[in-house]
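Let me begin by presenting the structure, written as structure tokens, before commenting on it.
The values are calculated or read from the model by the stated rules, or taken from the named source; none is laboratory data. It should be emphasised that the depicted structure is a prediction, and the values quoted were computed from it without experimental measurement. Cβ: placed from backbone, ideal geometry, glycine included. Neighbour counts: every protein chain shown. Remember, those area values only see protein heavy atoms, side chains included, never the ligands or the DNA or RNA. Shrake-Rupley method; radii C 1.70, N 1.55, O 1.52, S 1.80 Å.
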Amino acid sequence: MCETSDGSLWFGTTVGVSRYRNGEHQTYDTRDGLGANIVDCIFEPLPTTSTSRESKAVWFGTRCNGVSQFDLGSKTWRTFNDTTSPRLSNNNVYSIKEDKQGRLYFLTNNGVTRFTFLGDGGIRSDIFTTEDGLPNNEGIAGASITDSRDRIWVGTTEGAAFLDPSKEDVDTLRKPLFIREVSVEGLLASSHLQ
């Protein structure tokens, strides 16, 4: 359940999501654009100037089809899952959190996905797994918080972990490009370059 800034109460159910506002009730499901009818979490990001998000939206973590974004202004849906671009690490989304930079974190059944909203309107997806320090990739429903120091905590089936965005090293070094071979219409062109 979530109360959003427009005064709506949202309820995640196994048959979609229900919205109660100004004495009226409306239910949305996959026929309306929701990714899946089982909704495990609901989140409204805080208003921020640090992201390119122009409109107000509510995000819904679903079971089996990722996360759906509902634009409160245009009343349109957009769904992200493990086959979209940007993609999620898994289609079961258990919780959604936000850091002070306006990035969203999705705790899934296979790691944590972070969406960074870019100035050109795009979204970059970063996926965190056991290779990045999670005790286990399998998250637990509802087991995440953003603490007072802006650390994102997540619970997994083998323990908890946190990411401190303020201590994150961002690799901005340009990498050299090496071309091993070139082929044109199936012919190896690199042998003709000598």
Would you confirm whether any residue within the stretch 185-193 is open to solvent by 100 Å² or more (accessible area, probe 1.4 Å), at pLDDT below 80 and assigned to a strand (DSSP E or B)? yes
The one condition Pro135 fails out of (1) more than 24 Å from Arg63 (Cα to Cα); (2) more than 18 Å from the chain's Cα centre (by Cα); (3) not hydroxyl-bearing (Ser, Thr, Tyr) is (1)
Mind counting the residues in the stretch 122-151 that are in contact with a strand residue (DSSP E or B) (Cβ under 7 Å, 6 or more places away or on another chain) and outside any loop (DSSP other than H, G, I, E, B)? 14
Out of the stretch 89-121, which residues are touching a helix residue (DSSP H, G or I) at 6+ places or on another chain (Cβ under 9 Å) and assigned to a loop (DSSP other than H, G, I, E, B)? Asp99, Lys100, Gln101, Arg103
Odd one out for Phe80, checked against (1) over 30 Å from Asn137 (Cα atoms); (2) at pLDDT 95 or above: (1)
If we keep only residues of the stretch 20-31 that are out of contact with any Ser or Thr (no Cβ under 6 Å at 6 or more places or on another chain) and farther than 17 Å from Gly61 by Cβ, then the residue least open to solvent (accessible area, probe 1.4 Å) is Gly23
Looking at (1) free of Cβ contacts under 8 Å to residues at least 24 places away in the same chain; (2) surrounded by 18 or more Cβ atoms within 10 Å (Cβ to Cβ); (3) not aliphatic (A, V, I, L, M), which is the one condition that is false for Phe106? (1)
For the stretch 160-181, state whether one or more residues are over 22 Å from Phe60 (Cα atoms), in a loop (DSSP other than H, G, I, E, B) and in contact with a Ser or Thr (Cβ under 7 Å, 6 or more places away or on another chain). yes
Any chance you could count how many residues in the stretch 9-19 are in a loop (DSSP other than H, G, I, E, B) and buried (at least 18 other Cβ atoms within 10 Å of the Cβ)? 1
Condition test on Thr156, is it β-branched (Val, Ile, Thr), open to solvent by less than 30 Å² (accessible area, probe 1.4 Å) and without any contact (Cβ under 8 Å) to a residue 24 or more places away in the chain? yes
Going by what's in this entry, would Asp147 be described as open to solvent by less than 80 Å² (accessible area, probe 1.4 Å), over 26 Å from Met1 (Cβ atoms) and more than 15 Å from the chain's Cα centre (by Cα)? no
Test: residue in the stretch 41-55 that is farther than 26 Å from Asp6 by Cβ and touching a strand residue (DSSP E or B) at 6+ places or on another chain (Cβ under 6 Å): no
Those residues of the stretch 12-30 which are hydrophobic (A, V, I, L, M, F, W, C) and under 20 Å from the mean Cα position of the chain (by Cα), in sequence order: Val17
